Amino acid sequence: MGIPLAEALSMAALDEAPLAGYAFENGDAVGVQPDKLEVSRCRFTACRFGSAVFRHAWIHDAVFIRCDFENVDFSDASLHKVTFRNCRLTGARFCGASVHDAAFTDCNADYANFCEAGLKNVQFDACRLRGGVFSSVRTKPFAFTSCDLQSVEWAATRLRDVDFTSSNID
């Protein structure tokens, strides 16, 4: 039996050592607020992170499958080479985050907030992002394929090269 998810996150932050190379399944980290967290080469399946605070976290080479991130705060975090598949990201905050080489597939991210985030090589596939916020987002190639983008706010975000033809925008 492995270490519980919340304990692993807390220990990594406390020791200022990366949480690297672990796989967690059905873990519970609801409401955790680790400081100076670094996660590398980890896989999370069916884990619950609701209302957790990952401000300024550094998360890279990580895969999240069927995880719950409702109301999680990723503000000013760095998320590089990260995959979110079939995750719940309702109300998640990515304000000021750096998100590079990332994929969001089949996720429910209604009301997710990406204000002032830097998105580079980010792909959203078959995601629901109703009521989301993409204001003042700094972008390099990013794309939406077959997404539900009803009532999304796009203020001060460059969209000239974004293809929305397969997505639903209201």
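The values are calculated or read from the model by the stated rules, or taken from the named source; none is laboratory data. Remember, it's a predicted structure, so these values are computed and weren't measured experimentally. We place every Cβ from the backbone using ideal geometry, glycine too, and count neighbours over all the protein chains shown. Surface accessibility is based on the protein's heavy atoms, side chains included, excluding ligands, DNA and RNA. Shrake-Rupley method; radii C 1.70, N 1.55, O 1.52, S 1.80 Å.
Structure data summary
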| quantity | calculated |
| --- | --- |
| Fluctuation leader among ASP35, ASP15, ASP61 - the chain, Gaussian network, Cα springs under 10 angstrom | ASP15 |
| Shape of region 84-149, Cα gyration tensor, a/c cut at 1.5 | oblate |
| Residues of region 1-43: accessible area per residue with a 1.4 Å probe, Å² | 63 |
| For region 72-170, accessible area per residue (1.4 Å probe, heavy atoms of protein chains only), Å² | 44 |
| Order by protection proxy (mean Cβ within 10 Å, highest first), peptides 124-131, 163-170 | 124-131, 163-170 |
| Carbon + sulfur, % of accessible area of region 1-56 - ligands and nucleic acids excluded, 1.4 Å | 48 |
| Cα-centred dipole magnitude for the chain, charges only on beta-carbon of K, R (+1) and D, E (-1), debye, nearest 20 | 320 |
| Proximal lysines relative to LYS140, as straight alpha-carbon distance under 16 Å, when same-chain residues fewer than 8 apart are discounted | LYS81, LYS120 |
| Candidates ALA143, ALA102, ALA156, ranked by Gaussian network fluctuation over the chain, Cα under 10 Å, top entry | ALA156 |
| D (Stokes-Einstein, µm²/s), Kirkwood Cα radius, region 51-161, 1.306 mPa s at 10 °C | 119 |
| Cα gyration tensor, region 50-112 - rounded (a/c under 1.5), prolate or oblate | oblate |
| Alpha-carbon centroids, region 1-39 and region 97-170: separation in whole Å | 28 |
| Listed residues GLY118, ALA20, ALA6: farthest to the positive end of the dipole of the chain (Cβ charges) | GLY118 |
| Calculated FRET efficiency for the pair ASP106/ALA155, C-beta based, R₀ 25 Å, to 0.05 | 0.40 |
| Order of exposure, largest accessible area first, which applies to SER151, SER40 with probe 1.4 Å | SER151, SER40 |
| Overall form of region 122-170 per C-alpha gyration tensor (a/c, 1.5; a/b vs b/c) | oblate |
| Residue list for region 71-102, given a label point 7 angstrom along the Cα-to-Cβ vector of LYS36 and an amide N cut-off under 18 Å | 77-78 |
| Amide H contacts under 5 Å for LEU19, placed H, 5+ residues apart | GLU38, VAL39, SER40 |
| Where HIS80, HIS56 fall by accessible area, highest first, once all protein chains stay in place (1.4 Å) | HIS56, HIS80 |
| Inter-probe distance in nm under a simple model that places probes 7 Å from Cα toward Cβ, at ARG85 and THR45 | 1.0 |
| Highest-MSF residue in the chain out of LEU159, LEU79, LEU89 [GNM, Cα springs under 10 Å] | LEU159 |
| Efficiency of FRET between ALA126 and ALA20 - r from beta-carbon atoms, R0 41 angstrom, step 0.05 | 0.85 |
| At R0 = 30 Å, FRET efficiency that the Cβ-Cβ distance of SER136 and ASP28 yields, to 0.05 | 0.30 |
